[in-house]
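Peer 1: Before anything else, here's the structure in question.
Every number in this text was worked out from the coordinates using simple rules, so none of it is lab data. Everything numeric in this text was worked out from a predicted model, so none of it was measured. Neighbour counts are summed over all protein chains in view; Cβ atoms, including those assigned to glycine, are modelled from backbone coordinates with ideal geometry.
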Amino acid sequence: MGMSMGSASAFMITGPATKITNLGALKIVLGMKYFFLYIAFVMLFSFGTGLFINFVL
């Protein structure tokens, strides 16, 4: 049956946002405090988007 549309959308959001090269550059540019805020935002946004799409579709 495969994964749900919400899971696929969450995966597609978090994939590019959590590549190790991107994270390394962001950690240097943003500093530790804002780096962890970025990670938290990406996690919450992708989770919320996945839930929203699962409930809508």
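Peer 1: Quickly estimate the mean residue ellipticity at 222 nm for the chain, helices only: each DSSP H run with n ≥ 4 gives -39500 (n - 2.57), and the total goes over all residues, rounded to 500.
Peer 2: The helix contribution divided over the chain gives -28500 deg cm²/dmol.
Peer 1: OK, next. For LEU37 and MET3 in one chain, what is 0.36 nm times their gap in residues minus the Cα-Cα distance, to one decimal in nm?
Peer 2: Stretched out fully, the LEU37 to MET3 stretch lengthens by 9.4 nm.
Peer 1: Taking 8 Å as the Cα distance limit and 6 or more residues as the minimum spacing, I'd like the relative contact order of the chain as a percentage.
Peer 2: Worked out over the chain, it gives 65 percent.
Peer 1: I need the helices of the chain that pass two filters: whole DSSP H segments spanning 30 Å or more by Cα along the axis, and mean Kyte-Doolittle score no lower than 0.5.
Peer 2: 32-56
Peer 1: Here is a follow-up. Give the residue list of trypsin sites (Lys or Arg not before Pro) in the chain that are DSSP loop and have at most 14 other beta-carbon atoms within 10 angstrom.
Peer 2: Filter output for the chain: LYS19.
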